[in-house]
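Peer 1: Before I ask anything, let me first share the structure, which is written out below as structure tokens.
Derivation of every value follows stated rules applied to the coordinates shown; laboratory data play no part. Keep in mind that what you see is a predicted model, and the values were worked out from it rather than measured. In this analysis, Cβ positions are derived from the backbone assuming ideal geometry, glycine residues included, and neighbour counts consider all displayed protein chains.
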């Protein structure tokens, strides 16, 4: 009995020690990972290095114990396409990117009508990771990290361009790497302009100088998100130009949008799409850019030729993604229609709340200055609710393509009913995340 009591005390002491150690490590970690000098002035170089190494160990243990972050629990949808209508004869092709396991990212071109795979690209994920690493941004991206390959572009020669969240990569038709650009952090969308150049959304490694942030405070340089438009030569991978969204707004007299009536956040823009106009429309010119800023719930038309914002609108969409030109006088916007809690989870469960129960697809008509929701019934019927990502496109026959990114599902349908769905199954209980699929004509 005595030994049993001693063991209990020992366990209590150990558990208490671990709790206190975790609390102390958390506090020191904030100093190390949030300060420009990694906390060396505050806690010393020895402790700073120990915390960094400890973080690496704990991260590896966490990855072993937890399910992969790109898995979604789903036991109902069958692998691949499921058809609910025969009326899909006019449907185009689909380019999808997904992970099947650690360092096993794949890009596939699929025939929607038959469900058949036309071609698959399997890049060397470890080599992509190695070449994507930049010494200028070591704390945002660890060497050897398993990256996600997003929003692939299919080029005319069957080569593929994709972003990893930290770089842009081009592979040839045999999946061999042609070039890697890691000069900035590349994320979200990639689009081709009329001349075959690539427009990307990204962030610079350190924020630029802004008059609403004090010059004496250096810590914001690494923590403040400086979103930029990046233009890339598709043949060479060289950066052709960059443009700060904050500078763009300042130059157009809209700087107050950034600090939101005196309340600044570290991600005030969150640029998630740059869509070049491929030809003239009634309300835009070829090479104008349609941009989406999630944190502002704002979509606007920017004319690089004159450095002018020629149109902008905040809402009715909220935290939106993927605006597209539509016809001669309209745009389509995928409205996530969520409000976020920063820091997440402090006031709202899960850190976000759907204001209209589901996502919404908005069609804005410049000519009539009206906004409609033609696919409202379909989205409500299918309960489409992706909070932080999502894509949509109106097809030539009037049907809609929707990627429910945070759920791992694609839906095709008309304004009333779904006609087909697609998921990529990993095992009996899980499907994998789809990383910004693209319609191919």
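Peer 1: Once you have a ≥ b ≥ c as the square roots of the Cα gyration tensor eigenvalues for the range 295-441, tell me rounded if a/c is under 1.5, and otherwise prolate or oblate according to whether a/b is larger than b/c. Walk me through the numbers on the way to the answer.
Peer 2: On the way: a/c = 1.74, a/b = 1.23, b/c = 1.41.
It comes out oblate by the Cα gyration axes.
Peer 1: Treat the count of other C-beta atoms within 10 Å as a stand-in for reagent exposure and order 209, 159, 292 from fewest to most.
Peer 2: By the 10 Å Cβ count, ascending: 209, 159, 292.
Peer 1: For the range 173-310, what is the convex hull volume of the alpha-carbon atoms per residue, in Å³? Intermediate values should be presented prior to the final figure.
Peer 2: Working: hull volume 16.9 nm³, N = 138.
Here the figure is 122 Å³ per residue.
Peer 1: Oh, and also: By counting other Cβ atoms within 10 Å of each Cβ, how are 83, 364 ranked from fewest to most? Write down the numbers at each step before the final one.
Peer 2: Values: 83 15, 364 21.
Placing the least packed residue first, the sequence is 83, 364.
Peer 1: From the Cα gyration tensor of the range 62-190, with a ≥ b ≥ c the square roots of its eigenvalues, which class applies: rounded if a/c is under 1.5, or else prolate if a/b is larger than b/c, or else oblate? All intermediate terms of the calculation are to be shown ahead of the outcome.
Peer 2: Working: a/c = 2.49, a/b = 1.45, b/c = 1.71.
Cα axes put the range 62-190 in the oblate bin.
Peer 1: Let me ask something else. How far apart, in nanometres, would the label points at residue 134 and residue 264 be if each is projected 7 angstrom from Cα along the Cα-to-Cβ direction?
Peer 2: Inter-label distance under the simple model: 2.2 nm.
Peer 1: For the pair residue 254 and residue 369, what calculated FRET efficiency results from E = 1/(1 + (r/R0)^6), where r is the Cβ-Cβ distance and R0 = 22 Å, to the nearest 0.05? Write out the running numbers ahead of the final one.
Peer 2: Working: r = 20 Å, r/R0 = 0.91.
Step by step, r from the Cβ atoms, then E = 0.65.
Peer 1: Report the relative contact order of the range 72-440, percent, no decimals, based on alpha-carbon pairs under 8 angstrom and at least 6 residues apart.
Peer 2: Relative contact order here is 15 percent.
Peer 1: How much length is gained on full extension from residue 285 to residue 84, taking 0.36 nm per residue of separation minus their Cα-Cα distance?
Peer 2: 68.4 nm
Peer 1: With the Cα gyration tensor of the range 286-378 giving a ≥ b ≥ c as the square roots of its eigenvalues, does the rule (a/c under 1.5 for rounded; else a/b larger than b/c for prolate; else oblate) give rounded, prolate or oblate?
Peer 2: Oblate, because a/c is 1.5 or more while a/b does not exceed b/c.
Peer 1: Counting other beta carbons within 10 Å of each Cβ, put 120, 404 in order, fewest first.
Peer 2: Arranged by neighbour count, lowest to highest, 120, 404 become 120, 404.
Peer 1: Give the separation of the Cα centroids, the range 290-327 to the range 210-279, in Å.
Peer 2: A separation of 14 Å, based on Cα centres.
Peer 1: What does a probe at residue 307 reach in the range 218-251, counting residues whose amide N is under 16 Å from the point 7 Å along Cα→Cβ?
Peer 2: Only 229, 241-251 fall inside the zone, counting backbone N under 16 Å.
Peer 1: Still on this model: Taking Cα centroids, how far is the range 413-441 from the range 69-139 in Å?
Peer 2: Value for the Cα centre distance between the two parts: 10 Å.
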